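Please read the structure below before turning to the comments.
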Amino acid sequence: MTFSGAAVFRLAMIGLLGGLVQLGFVSQLTIFGVPADLSPLLVSAAGFYAGSIAGSVFGFSLGVFVDVSLSMTLGVTSLVYTAVGYGAGRFRELRDPAHGLAPAAVGAAATAVALIGFALLQFLLGVEAPVSLLLLRQILLTIVLNTLLALPVFALVRRILLPFLPEDPRRRRRRAYTTGGLSPISRAR
C-alpha cells in the first residue's frame, strides 16, 4: 500500500505527540504500581492499521525518538519497536481479524514482545540491571495495564488514519444501504 504525504504526516504526528505524551505525562503515572507504556501500543496500532512496512518504519522512528529523548543506548528501542510494528502489520495482513477485541490481544502481545525484547537486549549488551522476580512482576503488570489501554489507543489511531485506510467491507455494505442500495430484505426472491 502506498501512502500519500498527508498519511505520512499523520503518522509522524501520532509518533511525535504520542512520544511526548508518553515521556512527559503517562510515564509519571503509576497504576498497579507500574507506569503505562503507550509506545508499543502506538507502534502496534500503526502496524495493525497501516501494514507491516509502515508499522516497521513507524516503530523504528519512534524508537529512535525514545532513545534520543532518554539518552539510552541508541538503536535498542528502535530495533525492538521495528519488530513490534512489523509483527502487528503481518498479523493483520495474514489473518485479517474481524473480532472487536483483536486490538486488545495485539496490544498485549506487542507489549510483551517489546518489554521482553528490550530486557533481553539490555542483558545481552551487558547493562547492569537487577534481574529478579520484581522485573517479572513489573512486566506482567505492564502487560495487563497496556491490555486495558489498547482499545482506546487503537481506536484513536484508527480514527486519525481512517481516510487513508483501505476500504473496509463492513463500511462498504453499510454505505450501500444508506445511499439507496437495495437492502437484502427487500430483494425479490
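The values are calculated or read from the model by the stated rules, or taken from the named source; none is laboratory data. Everything quoted here is computed from the prediction, not taken from an experiment. Every residue, glycine among them, receives a Cβ derived from its backbone with ideal geometry; neighbour counts consider all protein chains shown. Side chains included, ligands, DNA and RNA excluded: accessible areas come from the protein's heavy atoms. Shrake-Rupley method; radii C 1.70, N 1.55, O 1.52, S 1.80 Å.
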With the cut-off at 16 Å, report for region 1-53 the share of all Cα pairs above it, as a whole percent.
48 percent
In sequence order, what are the phi-derived ³J(HN,Hα) couplings for region 139-145 according to the Karplus relation 6.51 cos²θ - 1.76 cosθ + 1.60 with θ = phi - 60°, rounded to whole Hz, with x for glycine and proline?
5, 5, 5, 5, 5, 5, 5
Computed ³J(HN,Hα) along region 45-52: with the Karplus parameters 6.51/-1.76/1.60, θ = phi - 60°, integer Hz and x for glycine or proline, the list is 5, 5, x, 5, 9, 9, x, 5
Give me the 1.4 Å probe accessible area per residue for region 50-108, excluding ligands and nucleic acids, in Å².
49 Å²
What FRET efficiency comes out for Leu16 versus Leu120 if R0 is 30 angstrom and r is the Cβ-Cβ distance? Round to the nearest 0.05.
0.60
Mind pulling the per residue volume of the convex hull built on the Cα atoms of region 1-138? Å³ is fine.
121 Å³
Whole-Hz ³J(HN,Hα) for each residue in region 17-23, computed from phi via Karplus 6.51 cos²θ - 1.76 cosθ + 1.60 with θ = phi - 60°, x for glycine and proline: what do you get?
5, x, x, 5, 5, 5, 6
